[in-house]
Amino acid sequence: MESNIKLGKLFGIEIGVNYSWFIIFFLITFSLWGQFSIEHEHWPAALPFVMAIVTSFLFFASLLAHELSHSLLALAKGLPVHSITLFVFGGVSRIGKEAMNAATEFWVGIIGPISSAVIAGLFYVVAALVGDPQSPVGAMAGWLALINLMLALFNLIPGYPLDGGRVLRAILWGATGSIQKATRIASLVGEGFAYLFIIGGIILAFRYNNLIGGLWLAFIGWFLRDAARSSQQAMIFERALKGVSVRQVMSSDVPNVPGHIPLTEFFEEYLMQTGRRCFIVMRDDRLTGLITAHEIKAVPRDQWAVTSIQQVMKPFETMKTVGPDTELLRVLEIMQREDLNQLPVVSDERLEGLVRREDVLRFINTRAEFDY
Ligand SMILES: [Zn+2]
């Protein structure tokens, strides 16, 4: 989940919002505006709208507090936390590492629903102190208490990657001693709940004519199914690549080409003759850049004769590089983030080789096949 709008840093954690979050913000504001207008006819004309916006922002703050509780506990347990992103179905904390033991995983998971329950309690106290549920603050606090309680309960559903799923995973992990087995079961339960949501959503939409509510539930189910699958995959990746360095998978025999030749020659003599997709561009024995099939494809064919490799290559200075001892997991992260298929491996300003996405994936597949 990408942060499209960065709000700033809290406790060293990047806080951001994905564009999809605006959907939920407008939906909530709009439905609260309607609800307040109908239930509180005596309020002055603009008040339902103003209170709807204020309530939406406080809901946003509640979600953020929920995510912060996960992140701060993770930080306290020594796990690095990169960012928190709010999006259409809630929030995600990007924690850089798996918990080192089941107890940590348990607490990092359970703290979320606990925080939401505490926030619900605080709003309930506010509502009780105000006394009058017809007053603007009373109505607002009442709604926020209810929604945070629902948030706590929803997150307790024991399907990974929901908080309850993390708790289930931690318990299974503690009981079986195997994080893989625990993740596999918790993810399967998560997928099961995801399908229940989808089916429930369809029934709600067509049997009970609640199209919006049904669609919403089905979408949440769809998202959870994807999240359950990809978090299991992330675990397999992390496990397969743990402690593995670039040196183990890089290829050191990367063919090179002179930079001054035209693309026609490069295509005929190198690309088509070797079947390799990536070449080092040299000038006077010095590495100047990389050229791949991707770059040549971007140039119209009738320009190939008058375009040299140098003109279209990726210059070395602008490239991200890694060292031979860089962890492979980190390399995969860089590749995914920067949308790259290969990275030059450099040590002491000398090119040692190339690490390619396919090499990394092959490595993961082989290890995963044997559950190594
Ligand atoms: Zn949570």
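Bear in mind that the values in this text are calculations on the coordinates, not laboratory data. A quick note: this is a predicted structure, and the numbers were derived from the prediction, not measured. Note that each Cβ is placed from the backbone with ideal geometry, even for glycine, and that neighbours are counted across all protein chains shown.
Here the gap between Glu358 and Ala175, fully extended at 0.36 nm per residue and compared with their Cα-Cα distance, gives a gain of 62.3 nm. Only Cα pairs under 8 Å and 6+ residues apart enter the sum, and on that basis the relative contact order of the stretch 246-369 stands at 29 percent. What net charge is computed for the residues neighbouring Val92, neighbours being all others with C-beta under 14 Å from the C-beta of Val92, Lys and Arg scored +1, Asp and Glu -1? Net local charge, Val92 excluded: -3. Determine the sum of side-chain charges near Thr288: Lys and Arg each +1, Asp and Glu each -1, restricted to other residues whose C-beta is under 12 angstrom from that of Thr288. Computed value for this residue: 0. Cross-link check: pairs Lys9/Lys314; Lys9/Lys77; Lys6/Lys297; Lys297/Lys320; Lys9/Lys242 evaluated at a Cα-Cα cut-off of 31 Å; pairs beyond the cut-off: Lys9/Lys314; Lys6/Lys297.
Length gained on full extension, Leu287 to Phe267: 5.2 nm, using 0.36 nm per residue less the C-alpha separation. Take 107-115, 316-324, 160-168 and order them by the average number of nearby Cβ atoms within 10 Å per residue, most first; the result is 160-168, 107-115, 316-324. R0 = 22 Å: FRET efficiency of Leu47 with Val126, Cβ-based, nearest 0.05? Using R0 = 22 Å, I get an efficiency of 0.75. To the nearest 0.05, what FRET efficiency results for Glu338 and Ile114 with a Förster distance of 56 Å applied to their C-beta separation? Efficiency, rounded to the nearest 0.05: 0.90. What is the sum of charges, Lys and Arg at +1 and Asp and Glu at -1, for the other residues whose Cβ falls under 15 Å from the Cβ of Thr104? Residues close to Thr104 contribute a combined charge of +1.
For a paramagnetic label modelled at 7 Å from the Cα of Phe11 toward its Cβ, which residues of the stretch 144-159 fall within the zone defined by backbone nitrogen distances under 15 Å? The answer is none, because no backbone nitrogen lies closer than 15 Å to the label point. Sketch the reach of a paramagnetic label on Gln303 as a point 7 Å from Cα along Cα-to-Cβ, and name the residues of the stretch 239-269 whose backbone nitrogen lies under 14 Å away. From the stretch 239-269, the list is 263-264. Considering only beta bridges that DSSP places wholly inside the chain, some 80 percent are antiparallel. Here the extension length gained between Ala368 and Gln134 equals 78.3 nm, from 0.36 nm per residue of separation less the Cα-Cα distance.
Applying 1/(1 + (r/R0)^6) with r as the Cβ-Cβ distance of Gln248 and Leu146 and R0 = 45 angstrom yields a FRET efficiency of 0.25. Beyond 39 Å, what share of the Cα-Cα pairs of the chain remains, rounded to the nearest whole percent? The proportion of pairs with Cα distances above 39 Å equals 36 percent. Note that the stretch 6-138 shows a convex hull volume over its alpha carbon atoms of 114 Å³ per residue.
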